[in-house]
Amino acid sequence: MQLVDFPCPWHGGLSSPMPRGPEGDILCVTQTGTQATFYARRAQGEDLALGRDLSGQLREVVAQVLRTPPDEVPLEVPEHYRTWLIENDPDPMNAWLDQRLADIVLNRGNDTIARVNQLLAHKQESAESGSP
């Protein structure tokens, strides 16, 4: 998760000592201390806001993981989804993390957990009332 904290001059919205190249350029950044290398394409248009949003979401996930005790799920996880994870997955924290990262990276920041939580709530309400 080092990339989340690195001050990318294009996507993170933070200042960086790295030079900015022309649009479309790829920037290779080596983090001092760890020597981890990252590559980023200079964001253009809508991708500027998207990059900042995704970076913010990733920082939020890191904070949630760090403040959650081992073998628990972050308190911010919606109730029905949280219960379902705990009852159905041997590693609910990892399952939640996998889904959050999929939402951030693959779904371009769109949160599917909220919709899954709604579906699980409806399923529970239907089961309690006896209707489909």
Exercise for review: Return yes when Gly51 is at pLDDT below 95, assigned to a loop (DSSP other than H, G, I, E, B), of a type in the set (Gly, Ala, Ser) and surrounded by 14 or more Cβ atoms within 10 Å (Cβ to Cβ) and no when it is not.
Suggested key: no
Check your understanding: How about the stretch 74-107: which of its residues are exposed (fewer than 12 other Cβ atoms within 10 Å of the Cβ) and in contact (Cβ under 8 Å) with a residue 24 or more places away in the chain?
Key -> Glu79
Exercise for review: Starting from residues that are out of contact with any Lys or Arg (no Cβ under 8 Å at 6 or more places or on another chain), aliphatic (A, V, I, L, M) and not in a helix (DSSP H, G or I), keep the ones in the stretch 63-115 and report whichever is farthest from Asp53 (Cα to Cα).
Suggested key: Leu75
Exercise for review: Please state which one of Val77, Val29 is aliphatic (A, V, I, L, M) and at pLDDT 95 or above.
Suggested key: Val77
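The values are calculated or read from the model by the stated rules, or taken from the named source; none is laboratory data. These numbers were taken from a predicted model, which means no experiment stands behind them. Positions of Cβ are backbone-derived with ideal geometry, glycine not excepted, and every protein chain shown enters the neighbour counts.
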